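The values are calculated or read from the model by the stated rules, or taken from the named source; none is laboratory data. Note that this is a predicted model, so its numbers are computed, not measured. Cβ coordinates were reconstructed from backbone atoms using ideal geometry, including for glycine residues, and neighbour counts include every protein chain displayed.
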């Protein structure tokens, strides 16, 4: 059901369609019938259960690989290794669950509960009913401060203004009328005789007939578009690609190594031993600590952001935040303060137009709900506020969208004055004291303010005799002639101080900012120019202009424009969708109109006071309404991304090196170069300090630009440095294989772990290791513990009995350390050469 069709229907047609009465509303029987026909007036809400959050921790290709590894190793009797992998999985799941569950609980505390009751006419009486009981045909009674709880067609209004910013992003309330429109409205901002569910009455009073409820409202349509949208984050896609590659590698290698050994060794091959060895070798390639490393990194990042008043709903969104290339944001409340303030006053003479603009306000000495009145009152000096209270309003004509002015009759000490306040061109046409020269001067001032996106209000006055004033009390219309023009006042929605710094930081970080707003072209363009997003305030395209373009031109406009004005929820959705084809997009919003765009964006952020639907669609909640908080989050995300990729590169490099060397070596000797349990212990000890990579310090160049999971790049580095690792593994093999199986297995085990540990200090940076930021203390400590454990365990009875080690001689130990140092030097050289001359990574890693 489309509520816009009612913009061109007269009241009599509405009464006929809904079988209601303008004076008495629906009867109780009719209301029940309508409730059965249309259902309750509610959208429903998705409840997140604890078990859903827990299961979400296991939805990862890496988790599936590790679970398979647990099953295989347990089936083959390797209880220790399967237990360690399972422990990693459980720690990862518990950490992720605790963080995300705590976030969901926090969100429940953040919800702003509003009164869900409505005043309606039923059977000739004014009743208060639950909002869920509203049905089409009900006559809704609306007053200042009421929330509109269904879509209504206004039948009668008295100076009625409605705040629709939750749907449109427009910061200024909309004046509503009850008359039929000449053409059917197509967008929310055109439907000035409709009220929409979720919006708020700012001023005045009105009666409206409910035309759509529940799932048929405009808000429900936005909610539906939000719920139907599914989006996979850059983090999930990147990890999935890496997982897919490793899975294929594991399966192919498992078969090749096993078959090759059978073919080469023939009857001498031990089938069961080879099977266990092949599985252990395949498992050794899997970076099983990756879920734990990423969860530690993300949890640490979430803790840092929490201190900056940011609640993270989806942990991986922190890392996605670091990959943002384009940040789209609404204007109102994020870039600007979402309040009106007096910008400048143009006074024609000595009489203060500000005082008279306040005299014509909705109330002289009460709290003003109209944003213009609030701004005028705040600007008025204290002495003038005292003077204002001496005046009495004795008559007025509320603002009329057609007349574009309001009229007030005020009195002080039996001095009567008529005040007109409204559009400059209308008020000027009623004035008698403006010369042609002044007309030009005022016109120039108005053009200048218009180019700046300022809203303006003109004021004029007229002294009335006591006799005329007494007549005017009953009829003010027609007296607004021969007025004295006092001046013009401009208004602005001030830009937040933090916005300017945030825009500059975004440019420094390589993040493009785009404004998507429901506000006008003039206002949006002026704000964008002031904060430095565009060179000219006219560099703006409206949502309608954008969707009217052919697809190719739409893609060009996406790149060419930074400001999109008068955009509807569907148009925001379309813009983000096209941007997502080329870029990683973050979207910052707060209204119901933002929810679909939030759902489709790579990273969705909302402010604390956002609508329930917007909060539900979001990944991150900002408790502080500022772009600067987002920029801080981007830096945090890039640091997490850098540390995660460090781990992936390091573990794949070392795993590939050992993998190739051990697999190939097994073909040339009649014993296993490393026992299955030794391979699994090697994997465990080398991964032990790598878990601390989550807390590592990050070089400045690592967060200078947006980054993505470039699987080819990561694997290229791992493969090339893996070849270096393989070469040194063969060096260990060549030195020790002639002595005895035990000596080879033990010394190769020690050398493999030590080379993996020193590799971390090289591969953690694209710079020479001595120029990089100092490693985190935790990495240094854990590396020391792992190194000592590696060297000591072969000398222990436990190591010799359980793992089959033999105690290495002093000469062998010195030789191993010498090879490890040589390996580090060669790895550094290969790394620097690669980063310097690679066309793939040039400018991204270095």
Looking only at segment 193-212, which residues are at pLDDT 90 or above and within 33 Å of the chain's Cα centre (by Cα)?
194, 195, 196, 212
So residue 181 passes all but one of these: (1) more than 23 Å from residue 375 (Cα to Cα); (2) in contact with a helix residue (DSSP H, G or I) (Cβ under 9 Å, 6 or more places away or on another chain); (3) free of Cβ contacts under 8 Å to residues at least 40 places away in the same chain. Which condition number does it fail?
(3)
Filter segment 407-428 for residues that are more than 14 Å from residue 462 (Cβ to Cβ) and modelled with pLDDT of 85 or more; which is surrounded by the fewest Cβ atoms within 10 Å (Cβ to Cβ)?
413
Please work out if residue 524 is under 18 Å from residue 325 (Cβ atoms) and within 24 Å of the chain's Cα centre (by Cα).
no
Among 704, 718, 695, the single one that is touching a residue at least 60 places away in the same chain (Cβ under 8 Å), assigned by TED's automatic domain parsing to the domain that holds residue 791 and more than 30 Å from the chain's Cα centre (by Cα) is 718
Picking from 458, 469, which residue would you name as being at pLDDT below 90 and either surrounded by fewer than 17 Cβ atoms within 10 Å (Cβ to Cβ) or not assigned by TED's automatic domain parsing to the domain that holds residue 531 (or both)?
469
Is at least one residue of segment 479-491 in a helix (DSSP H, G or I) and either out of contact with any strand residue (DSSP E or B) (no Cβ under 7 Å at 6 or more places or on another chain) or in contact (Cβ under 8 Å) with a residue 24 or more places away in the chain (or both)?
no
State yes or no: is residue 804 surrounded by fewer than 19 Cβ atoms within 10 Å (Cβ to Cβ) and on the phi > 0 side of the Ramachandran plot?
yes
Out of the residues in segment 567-593 that are modelled with pLDDT of 85 or more and in a loop (DSSP other than H, G, I, E, B), which is nearest to the chain's Cα centre (by Cα)?
584
Here is a list of conditions, (1) over 30 Å from residue 701 (Cβ atoms); (2) touching a helix residue (DSSP H, G or I) at 6+ places or on another chain (Cβ under 6 Å); (3) touching a residue at least 60 places away in the same chain (Cβ under 8 Å), and residue 456 meets all of them except one; can you say which number that is?
(3)
Out of all the residues in segment 542-556, is one or more surrounded by 20 or more Cβ atoms within 10 Å (Cβ to Cβ) and either assigned to a strand (DSSP E or B) or modelled with pLDDT under 85 (or both)?
no
Exactly one condition in (1) under 43 Å from the mean Cα position of the chain (by Cα); (2) farther than 28 Å from residue 628 by Cβ is false for residue 433; which is it?
(1)
Every listed condition ((1) outside the structural domain of residue 405 (by TED's automatic domain parsing); (2) in contact (Cβ under 8 Å) with a residue 40 or more places away in the chain; (3) in contact with a helix residue (DSSP H, G or I) (Cβ under 9 Å, 6 or more places away or on another chain)) holds for residue 500 save (2)
Does segment 702-712 contain any residue that is surrounded by fewer than 18 Cβ atoms within 10 Å (Cβ to Cβ), farther than 21 Å from residue 652 by Cα and at pLDDT below 75?
no
